[in-house]
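*Asks:* Structure incoming, see below.
The values are calculated or read from the model by the stated rules, or taken from the named source; none is laboratory data. All values reported here derive from a predicted model rather than from experimental measurement. Quick reminder, even Gly has a Cβ in these numbers, built from the backbone with ideal geometry, and neighbours come from all protein chains shown. These area figures cover heavy atoms from the full protein model, side chains too; ligands, DNA and RNA do not enter into them. Shrake-Rupley method; radii C 1.70, N 1.55, O 1.52, S 1.80 Å.
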Amino acid sequence: MGKRKSLLLLVLVLFSALVASVGGHWRERDEEESEQRTQGEKWFLLRHLHDVVKTHAGVMKLVNGGYRRGTSFHTPMHIGFISMEPNSLFIPQYLDSNLLLFVHHGEARVGHIYGDELAERGLKPGDVYTIPAGSAFYLENRVENQRLHIICSIDVTSESMGWHAFQSFFIGGGNYPTSILAGFDHTTLSAALNVSTAELSTFLTRQSSGPIMHLSETIPKEEESTWSLRKFLLTLLNGEDVVERVNHKAPSAYNLYNRKADFKNDYGWSKKLDESNYSPLKISGNDVYLVNLSPGSMVAPHVNPTAIEYGIVLKGTGRIQIVYPNGTLAMNARVREGDVFWVPRYFPFCQIASTNGPFEFFGFTTSARRNHQQFLVGKNSLMQSLRGPEFAAAFGISEKRLKRIANAQSEQVILPSSSPASPHDKATEPERKKMVKFEKMIESFGNDMIMGFD
């Protein structure tokens with residue numbers, strides 16, 4: 001009995017040593033991959049939001065575009081998040097960049113100058129709307145007890161005097177923010193507006209609530225006849241009746257939620273909107289998309305040959321995998337609601353839903369023309385199109401085996417989940433054989449020990 005116990009103890013020690021050795025090898029590889037993934041997350045996962053505007057009536061946060069620090073990667077788009085309290089106003093302004101709006105939650109009213117006229121449009125969840133650079137606009141949330149949440153893309157331009165972010169030029173304003181009108185000599189401006197300098201001084205200093213303000217903080221009712229938002233805009237528009245001109249031929253919004261899915265199967269669906277469906281997208285040069293994946297499913301590995309892609313997680317959790325041109329993993333990041341990611345043009349990538357619920361994400365691409373995604377695997381993929389002796393030779397396998405592999409996946413675009421790999425799959429073949437052999441030895445000695453005790 002003592003010899004048997006000693007022998008079992010020796011085997012256990014040897015087995016532990018082997019596991020430690022193999023485990024150390026795995027840890028080494030994991031650490032290298034982890035370091036690479038961590039670096040990739042810094043580059044491709046955009047979690048550094050900062051406040052552009054923040055008042056008690058609302059906030060606008062921004063993920064800056066431009067060159068990524070420490071890399072040659074350039075992201076030609078800022079991603080903004082506008083949140084407005086009920087009965088609030090984002091005061092009149094214009095930007096040095098094209099603005100593309102997507103209403104995530106709530107309802108909004110947007111007014112902007114279109115063809116020298118004021119156009120107003122009501123926006124609801126799912127609506128997409130564009131405002132050209134240099135076009136004065138304002139946003140209102142007039143709904144009681146409901147916040148407004150808008151996701152927007154803002155072009156990175158090279159025309160803003162060297163500023164890295166976009167620049168707002170506030171037409172309305174007072175002490176905070178300051179109106180661009182306040183920069184003119186008051187005598188000149190009072191003559192231009194045909195009001196007294198005293199009235200002008202009051203007009204330019206009254207507002208101090210910030211760029212996003214509660215509508216209750218606007219000009220009191222007894223003074224509306226003198227200075228209202230509409231009258232001010234009417235003055236800028238050469239005295240014509242603004243109220244009668246709010247429903248002219250300016251483009252309407254396009255509702256992405258109501259659009260029929262461009263692709264749909266049992267594992268999810270996707271919708272895309274480009275200039276062929278919605279001509280105002282020519283203004284920004286961007287298109288938009290919306291994808292919903294069922295639990296555990298994935299968008300097949302693919303490449304964007306003509307566009308950079310940005311994604312914002314709207315619902316659920318999942319993973320984004322991006323691959324470098326040299327065939328190594330750039331990022332395998334877990335993402336959740338509110339996360340922003342981007343994928344450079346040509347880089348292979350895929351999106352994978354967690355198994356605990358649906359995964360929905362919305363995004364922009366930098367080409368408003370049809371971006372013909374090239375899928376690397378699946379029924380409609382390059383794996384099928386390139387199937388032949390040349391492709392088989394490139395992998396060092398026979399055409400027959402290549403055909404079997406290429407035809408193994410019968411789905412396309414959105415693929416079903418796969419069963420998780422066993423722990424042994426992570427080991428090399430020799431390591432796996434050793435593990436199996438020692439496990440059998442342990443099992444055999446364990447049984448002998450039990451029999452001996454009996």
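*Asks:* Quick one: pull the percent of accessible area on segment 73-189 belonging to carbon and sulfur, 1.4 Å probe, ligands and nucleic acids left out.
*Replies:* Working: 2360 of 4600 Å².
Answer for segment 73-189 is 51 percent, counting heavy atoms of protein chains only.
*Asks:* Hey, another quick one. Using a 1.4 angstrom probe and counting only protein chains, how large is the accessible area of HIS56 in Å², to 10?
*Replies:* Around 110 Å² of this residue is reachable by solvent.
*Asks:* How long are the semi-axes of the equivalent ellipsoid of segment 85-181, taking √(5λ) for every eigenvalue λ of the Cα gyration tensor, in whole Å from largest down? Provide the component values of the computation, followed by the final result.
*Replies:* Details: eigenvalues 100, 51, 36 Å².
Rounded to whole Å, the semi-axes are 22, 16, 13.
*Asks:* Considering amide H positions built from the backbone, and no H for Pro or chain starts, which residues 5 or more places from VAL413, or on another chain, come under 5 Å of its amide H?
*Replies:* Close amide H contacts, sequence-distant or interchain: ALA300, LYS379, ASN380.
*Asks:* Out of all Cα-Cα pairs in segment 259-415, roughly what percent, to the nearest whole number, are more than 20 Å apart? Kindly include the intermediate steps, with their values, before the conclusion.
*Replies:* Working: 6524 of 12246 pairs.
Of the Cα pairs, 53 percent sit more than 20 Å apart.
*Asks:* Which residues' amide hydrogens lie under 5 Å from the amide hydrogen of VAL52, considering only partners 5 or more residues apart or on another chain, with H built in the peptide plane?
*Replies:* MET60, LYS61, LEU62
*Asks:* Now for a different question. For a quick check of your reading of the filter: which trypsin sites (Lys or Arg not before Pro) in segment 37-132 sit in a DSSP loop and have no more than 11 other Cβ atoms within 10 Å? Show your work: numbers first, answer last.
*Replies:* Numbers: sites: ARG37, LYS42, ARG47, LYS54, LYS61, ARG68, ARG69, ARG109, ARG121; in loops: ARG47, ARG68, ARG69.
Counting only loop positions with at most 11 other Cβ atoms within 10 Å, the trypsin sites (Lys or Arg not before Pro) in segment 37-132 are ARG69.
*Asks:* What does the accessible area of LYS379 come to, in Å² to the nearest 10, when a probe of 1.4 Å is used?
*Replies:* 130 Å²
*Asks:* Still on this model: If amide H atoms are built 1.01 Å from N in the plane of the peptide, which residues on other chains or at least 5 residues away come under 5 Å of the amide H of SER135?
*Replies:* Residues meeting the amide H criterion: LEU95.
*Asks:* What nm distance separates the two modelled labels at VAL143 and THR187, each placed 7 Å from Cα along Cα→Cβ?
*Replies:* Here the modelled spin labels are 5.1 nm apart.
*Asks:* I've got another one for you. Modelling each spin label as a point 7 Å along the Cα-to-Cβ direction, I'd like the THR197/HIS48 distance in nm, to one decimal.
*Replies:* It is 4.8 nm.
*Asks:* At 1.4 Å probe size, with no ligands or nucleic acids counted, give the accessible surface of SER410 in Å², nearest ten.
*Replies:* Per-residue accessible area (SER410): approximately 80 Å².
*Asks:* As a test of reading the structure, rank VAL340, VAL156 by solvent-accessible area (1.4 Å probe, protein chains only), most first. Numbers along the way, then the final one.
*Replies:* Values: VAL340 0, VAL156 40 Å².
Largest accessible area first, the list is VAL156, VAL340.
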